[in-house]
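Structure first, commentary second.
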Amino acid sequence: MRSIVRTTAVAAGSALALGLAALPSLAAERPDIRDRFGPRGATPDAVFHPSAPVTVSWTRADALKIDPGPEHVTPTIPTDFPIISDDLWIWDTWPLTNLEMEPVAVGDWNVIFSLTAPRDIPFPDRHSVAEIGYFYSDDAQNWIYGGPLFPEGTALGQREWAGSMLITGDDEVHAFYTASGHDEGPNDPDDVLQRIAYAPGEIHADDEGVWFTGLDEHEIIAEADGRLYQTLEQSQGGPIIYAFRDPFVFRDPVNQQIYMLFSGNNAGQAGSHTCDRREIGRVPGGHEVPADARYYTGNIAIASLRGNSADDFTEWRLLPPLISGECVNQQLERPHIVIEDGNYYMWVISHAFTFAPGLEGPDGLYGWVGPGLRSNYEPLNESGLVLGNPPEAPLQNYSHYVMPNLLVESFVNQIATDDGDVYGGTLAPTLELWVDGDEAGLESVLPYGYIPAMAWVPEP
Ligand code: FRU
């Protein structure tokens, strides 16, 4: 694996001195850091206070550079891929992690969590009945289904969408997930309210397997405010649903503060945004911005934990988005981060169909690197695209999740064949990335669903 090196990295301490005080008047206009520092290439590293109202734009000019070369194409998966469960569709997946973002094994068991749905419903219908299930494995690739994560009837909303699961101490676990749909009423697939929910519990393990206690007291810990993040009501009229989902909780090693990344949209009524120089960037002459591009407002959202104590994960403060895809893409899903030597590698997944009109990119993994949590992120490989699906199988993989060892897990989504679509609903081959400064690509292909722990706690 090539090492993670970034020649322009600044010492985090000195960079943090460039805080809010340096930017007294910028709050109202949500500036793009890169506008202030000139063209890419001549951009000095800039790190801002994590709560500073400074958001980087993923510009249309960036996205126009999307050009999947061989190192940025996900290898083709044969249609006879192995299936983890004959009973369940499995899609978005995340490992048990510590605050350092490392996958953690408990005793001999690697532990992962997935969105699941009965395999006998049509694959495209799975989102409206999604439930988080857990799996454990002693070899990090043959996964045993442990059951639904939450005791029946305790989760909020009408269905559970993606999240993260922390372990603190020896056995305390903290489930963060998206409560999708309102709490009341029958399950309505068109009810796309999204709130971020939390439930604490304990993990247990013995020679036979893994199980949980607690996880039965749930509360909403973050909701869209309409000021920083678009609400359901503000989103109405847009062509693709809004996001306030997919929490990922971690601790920034620089200031030891605990944060939650999630997927959001820029606040404001759908259609009220405008595509300005900041969002358009330095596009080639003749690039037209279709009027409907203004409906595309996906962002990488962030909140900080009030009190910053691993004993209380219930009070969060919404902060301005870190990266905005306004006029570029409506959904920057499942944001997560890998921090190495002061470089912050930010990852999201996105779809071809969520790109704004006039732009094209494959379903896959996109990323940025910056010298601090809130900093002048640069899109990896100039465009942001890291791994896209092959043109002959454009829906093949989705929901990539990059771990600190640069292994990337994802699920097999849908493979077109002459006899119709083959649905996956199971874990795809794990991929290994190489990362070198502001470039990243495919290093190697590993076994299906290989998600090894990087840290261990003894059997509780
Ligand atoms: C990505 C995703 C997530 C969401 C889930 C719902 O695959 O769209 O953003 O939480 O799927 O099924």
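The values are calculated or read from the model by the stated rules, or taken from the named source; none is laboratory data. All values derive from a computational prediction rather than experimental measurement. Neighbour counts run over all protein chains shown; Cβ positions are idealised from the backbone, glycine included.
Quick test of your reading of the structure: residue 99 fulfils all but one of (1) under 19 Å from the mean Cα position of the chain (by Cα); (2) in a strand (DSSP E or B); (3) more than 16 Å from the ligand (Cβ to nearest atom). Name the failing condition by number.
Condition (2) is where residue 99 drops out.
What number of residues within region 215-224 satisfy the criterion of being crowded, with 16+ Cβ neighbours inside 10 Å and either hydrophobic (A, V, I, L, M, F, W, C) or over 27 Å from residue 319 (Cβ atoms) (or both)?
Qualifying residue count for the region: 4.
Which residue pairs have Cβ atoms under 8 Å apart, sit 6 or more places apart or on different chains, and have a first residue in region 260-280 that is closer than 16 Å to residue 291 by Cβ and a second that is within 16 Å of the ligand (Cβ to nearest atom) and not in a loop (DSSP other than H, G, I, E, B)?
These pairs meet every condition: 270/235.
Return the residues of region 142-185 that are touching a strand residue (DSSP E or B) at 6+ places or on another chain (Cβ under 8 Å) and part of a loop (DSSP other than H, G, I, E, B); say none if nothing qualifies.
143, 149, 150, 154, 155, 156, 157, 158, 170, 171, 181, listed by residue number.
Taking residue 404, is it within 22 Å of residue 262 (Cβ to Cβ), more than 16 Å from the ligand (Cβ to nearest atom) and surrounded by fewer than 23 Cβ atoms within 10 Å (Cβ to Cβ)?
For residue 404, the condition - within 22 Å of residue 262 (Cβ to Cβ), more than 16 Å from the ligand (Cβ to nearest atom) and surrounded by fewer than 23 Cβ atoms within 10 Å (Cβ to Cβ) - is met.
Would you please name the residue that is nearest to residue 92 (Cα to Cα), looking only at residues in region 123-145 that are away from the ligand (no atom under 16 Å from the Cβ) and surrounded by fewer than 18 Cβ atoms within 10 Å (Cβ to Cβ)?
145
Go through 108, 87, 62, 67 for me and flag whichever is more than 14 Å from the ligand (Cβ to nearest atom), buried (at least 23 other Cβ atoms within 10 Å of the Cβ) and among the acidic types (Asp, Glu).
62
Show me the strands (runs of 3 or more DSSP E) found entirely inside region 186-232 where at least 1 residues are under 30 Å from residue 136 (Cα atoms) and among the hydroxyl-bearing types (Ser, Thr, Tyr).
194-206, 209-214
What pairs come out if I take residues in region 143-170 that are more than 22 Å from residue 311 (Cβ to Cβ) and among the β-branched types (Val, Ile, Thr) and pair them with residues that are assigned to a loop (DSSP other than H, G, I, E, B) and modelled with pLDDT under 95 whose C-beta lies under 8 Å away, six or more apart or interchain?
Once the first residue is more than 22 Å from residue 311 (Cβ to Cβ) and among the β-branched types (Val, Ile, Thr) and sits in region 143-170, no partner that is assigned to a loop (DSSP other than H, G, I, E, B) and modelled with pLDDT under 95 comes close enough.
Conditions: (1) within 22 Å of the chain's Cα centre (by Cα); (2) among the aliphatic types (A, V, I, L, M); (3) buried (at least 18 other Cβ atoms within 10 Å of the Cβ). Residue 205 meets all but one. Number of the miss?
Residue 205 satisfies every listed condition except (1).
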